[in-house]
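Only one structure is covered here, and it is reproduced in the block below.
Bear in mind that the values in this text are calculations on the coordinates, not laboratory data. Keep in mind that what you see is a predicted model, and the values were worked out from it rather than measured. Ideal geometry is used to build each Cβ from the backbone, glycine not excepted, and the neighbour counts take in all protein chains shown.
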Amino acid sequence: MSKYLIAGNWKMNLLQNEAIKLIEDINFGISSLNLSSVEVLVCPPYTDLHIANEKLINSPIQLGAQNMHFMTKGAYTGEISPAMVIDAGCKYVILGHSERRQYFKEDNEILIKKLKSAFDANINPILCIGETLKERELKETTNVLFNQISILNLFEKENLEKLTIAYEPIWAIGTGINATKEQIEEVHLWINNFVYSHFGLNIKILYGGSMNATNAEEILSTENVSGGLIGGASLKSEQFLSIIQTAISLSQ
Ligand code: 13P
């Protein structure tokens with residue numbers, strides 16, 4: 001298992017030509033890097049996936065989707081199935097991002113189904129969890145995370161080996177205010193303890209929320225942080241490449 005996973009969540013950004021340019025720039029930038037200890041992932045919008053996959057032939061960069069439906073096929077207008085995600089070249093899928101929980105009412109019931117279909121389809125899920133600022137201020141962080149992570153109890157260890165968790169405090173997403181090293185350390189230790197004590201597993205735990213080239217070293221060097229899920233900074237090749245470079249330096 002590589003030491004770090006550096007993942008870009010492009011969210012609802014970049015038209016096809018812009019996506020091609022970004023992929024080409026990242027590809028060019030990493031061609032001179034030693035990626036033996038760092039896995040790189042980009043998660044473009046659905047409409048950019050096929051062309052991204054074409055551009056990533058012979059590239060070590062992996063492709064992921066930002067969401068998917070849990071049904072295999074049928075009359076679900078506007079939805080994308082696990083098989084479609086695989087067909088577009090994805091090895092990963094982000095599930096339960098706070099923007100989906102907030103704007104599209106994704107809850108534990110839906111996420112259980114999505115996790116199950118990801119495991120069934122052999123897609124590696126990245127399950128996002130995180131608290132609001134109010135919840136943190138009310139000292140509810142652990143309760144909220146417990147509620148979100150407890151759905152894992154419904155799954156077998158052999159499936160959970162394929163899981164990555166992303167801790168994304170909602171108040172840090174897109175705000176320019178990342179969680180402090182101490183806050184990240186505390187939560188990542190808690191998540192690591194939960195997963196290890198329940199399933200005997202050490203899985204990757206990413207941090208997400210205003211991560212950029214400047215704070216990457218501090219965040220990635222924190223204990224139990226095995227990578228980043230990066231939004232805004234993953235849309236700029238120099239920022240994303242710099243974060244990858246930081247991960248490489250830290251893993252040496
Ligand atoms: P930002 O890096 O833009 O804060 O977004 C983080 C995120 O939501 C990644 O999934």
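Computed values, structure above
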item: Only Lys, Arg (+1) and Asp, Glu (-1) charged, at Cβ; the chain dipole about Cα centre in debye; result: 340 debye
item: More than 22 Å apart - percent of Cα-Cα pairs taken over the range 1-126; result: 36 percent
item: Burial ordering of Ser221, Ser81, Ser234, Ser117, fewest other beta-carbon atoms within 10 Å first; result: Ser221, Ser81, Ser117, Ser234
item: Cα centroid of the range 210-252 to Cα centroid of the range 69-90, whole Å; result: 31 Å
item: Computed [θ] at 222 nm, deg cm²/dmol, the chain (DSSP H ≥ 4; -39,500 (n - 2.57); rounded to nearest 500); result: -12500 deg cm²/dmol
item: Listed residue pairs exceeding 32 Å between alpha carbons, taken from Lys114/Lys236; Lys3/Lys73; Lys139/Lys204; Lys11/Lys113; Lys11/Lys139; Lys105/Lys236; result: Lys3/Lys73
item: Sum of side-chain charges, Glu218 neighbourhood, beta-carbon under 13 Å (Lys, Arg +1; Asp, Glu -1); result: -3
item: Mean projected area in nm² (Cα convex hull; one quarter of hull surface) for the range 76-221; result: 9.4 nm²
item: Counted charge near Ile123, where neighbours are those whose Cβ lies closer than 12 Å (Asp, Glu -1; Lys, Arg +1); result: +2
item: Exposure proxy order (Cβ contacts within 10 Å, fewest to most) of Glu39, Glu158; result: Glu158, Glu39
item: Which of Lys3, Lys55 has the fewest Cβ neighbours within 10 Å, and the rest in rising order; result: Lys3, Lys55
item: Around Asp107: net Lys/Arg minus Asp/Glu count, Cβ-Cβ under 12 Å; result: +3
item: FRET efficiency estimate (nearest 0.05) - Cβ-Cβ, Ser32 to Ser249, R0 25 angstrom; result: 0.95
item: Projected-area mean, the range 139-221, by convex hull of Cα positions, square nanometres; result: 5.7 nm²
item: Förster-model FRET efficiency, 25 Å R0, Lys157 and Lys113, C-beta, rounded to 0.05; result: 0.80
item: Equivalent ellipsoid semi-axes, the chain, via Cα gyration tensor eigenvalues times 5, rooted, Å; result: 25, 23, 17
item: Helix runs (DSSP H) in the chain reaching 18 Å along axis by Cα, Kyte-Doolittle at least -1.0; result: 16-30, 108-121, 181-199, 237-250
item: Relative contact order, percent, the range 139-226 [alpha-carbon distance under 8 Å, six or more residues apart]; result: 34 percent
item: Cα gyration tensor, the range 55-139 - rounded (a/c under 1.5), prolate or oblate; result: oblate
